[in-house]
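Report on one structure; see the data block that follows.
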Amino acid sequence: MIRRWAAALLAGACAGCHGSGPLLHPAHVLHPGKVSVGAGLSGDMVVAGATAAPPGAAGDAAAAEGAARRKLSEIAVSPGVAPWASARVGIEGGNEAGLTYSGRALRLDGRHAFPLGDAALSIGLGASALFAGAPGPTAEGGGVADVADVYGAGVDVPILLGFRSDADLYALWFGPRLGLELLGGEVRLPPAGSASRGSLVDASGQHLRLGFVLGVRAGFRHVHVALEATATYHHATGEIGGAPVAIDQGTIAPGGGLTVTF
């Protein structure tokens, strides 16, 4: 029982939403020397282009292609629920830097905000180390299977336009977010026939994502609650077991967190 709970917790901690996770920060940057820390949850739901299992025998060509497409979706798009934790610091000159963990990725970013009266325009650049090889429960539910061992790197560029109240009681932000990821490693395909485990094959891929972010934040003084949703188009290509594969998917990624500034 304890081992099953530990496996479930490990799988939950490593399960990932898309690429770099949500931003959950407004367009305005922190004042120099100010620090914010936050924690929450995020998710990614496929709303278009889902890779459903095709009908037919497990060993036919359509089933093999479907399995490869699902694996590419798992390592590139990574639908599911993931933790979110972040720390940010304000820097002189209207700048800000941050470090974010989102289950599947560890992201380091910097951004600059241009004041536009009561509004602000933020342009950022993030670099992520990706850990797409999340363990998962075995079919029997009694352990953790090595579903994949895939790693990679990515970059993303969020551009946000935002508004906030004078006392920072609330804030609103929106804008595009572009990202590119490179992935490589090994994945385990579904078992064929009477085999108890599928074969472990090489995997590689490139993942382009074009998203639009909408977020709000409300709170008082040093404590705020942030909610955000990102609609994203994903295009991923690669090779699974030496066979070329490609997917196009659309996702909605909601996220929320509590932040404290000091």
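The values are calculated or read from the model by the stated rules, or taken from the named source; none is laboratory data. Since we're looking at a predicted model, the values are computed, not measured. FYI the Cβ positions are ideal-geometry reconstructions off the backbone, even for glycines, and counts take in every protein chain you see.
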*Which ones in segment 218-253 are within 18 Å of Glu74 (Cα to Cα), in contact with an Asp or Glu (Cβ under 9 Å, 6 or more places away or on another chain) and not β-branched (Val, Ile, Thr)?*
Tyr233, His234, His235, Ala236, Glu239, Gly241, Gly242, Ala243, Ala253
*Would it be correct to say that Leu106 is more than 24 Å from Thr237 (Cβ to Cβ), at pLDDT 95 or above and not aromatic (Phe, Trp, Tyr)?*
yes
*Can you confirm whether segment 24-47 contains a residue that is in contact with a helix residue (DSSP H, G or I) (Cβ under 7 Å, 6 or more places away or on another chain) and in a loop (DSSP other than H, G, I, E, B)?*
no
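Every residue, every condition in (1) of a type in the set (Phe, Trp, Tyr); (2) farther than 14 Å from Leu189 by Cα, yes or no:
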| site | (1), (2) |
| --- | --- |
| Glu65 | no, no |
| Ala68 | no, no |
| Lys71 | no, no |
| Ile75 | no, no |
| Gly80 | no, yes |
| Trp84 | yes, yes |
| Gly94 | no, yes |
_Qualifying positions in segment 132-171 - of a type outside the set (Gly, Ala, Ser), under 21 Å from Ser199 (Cα atoms) and modelled with pLDDT of 50 or more_ = Val147, Asp149, Val150, Tyr151
*Give the residue that is farthest from Gly175 (Cα to Cα), with candidates limited to residues of segment 215-262 that are buried (at least 16 other Cβ atoms within 10 Å of the Cβ) and among the hydroxyl-bearing types (Ser, Thr, Tyr).*
Thr237
*asked:* Can you tell me which of (1) closer than 19 Å to Gly250 by Cβ; (2) in a helix (DSSP H, G or I); (3) at pLDDT below 90; (4) out of contact with any Ser or Thr (no Cβ under 8 Å at 6 or more places or on another chain) is the one Ala64 doesn't meet?
replied: (1)
*Members of segment 147-167 found to be in contact (Cβ under 8 Å) with a residue 12 or more places away in the chain and either of a type in the set (Asp, Glu) or not in a strand (DSSP E or B) (or both), listed by number*: Val147, Asp149, Asp156
*Selection within segment 149-185 - of a type in the set (D, E, K, R) and surrounded by fewer than 15 Cβ atoms within 10 Å (Cβ to Cβ)*: Asp166
*Hey, among the residues in segment 112-131 that are within 19 Å of the chain's Cα centre (by Cα) and not aromatic (Phe, Trp, Tyr), which one's modelled with the lowest pLDDT?*
Leu130
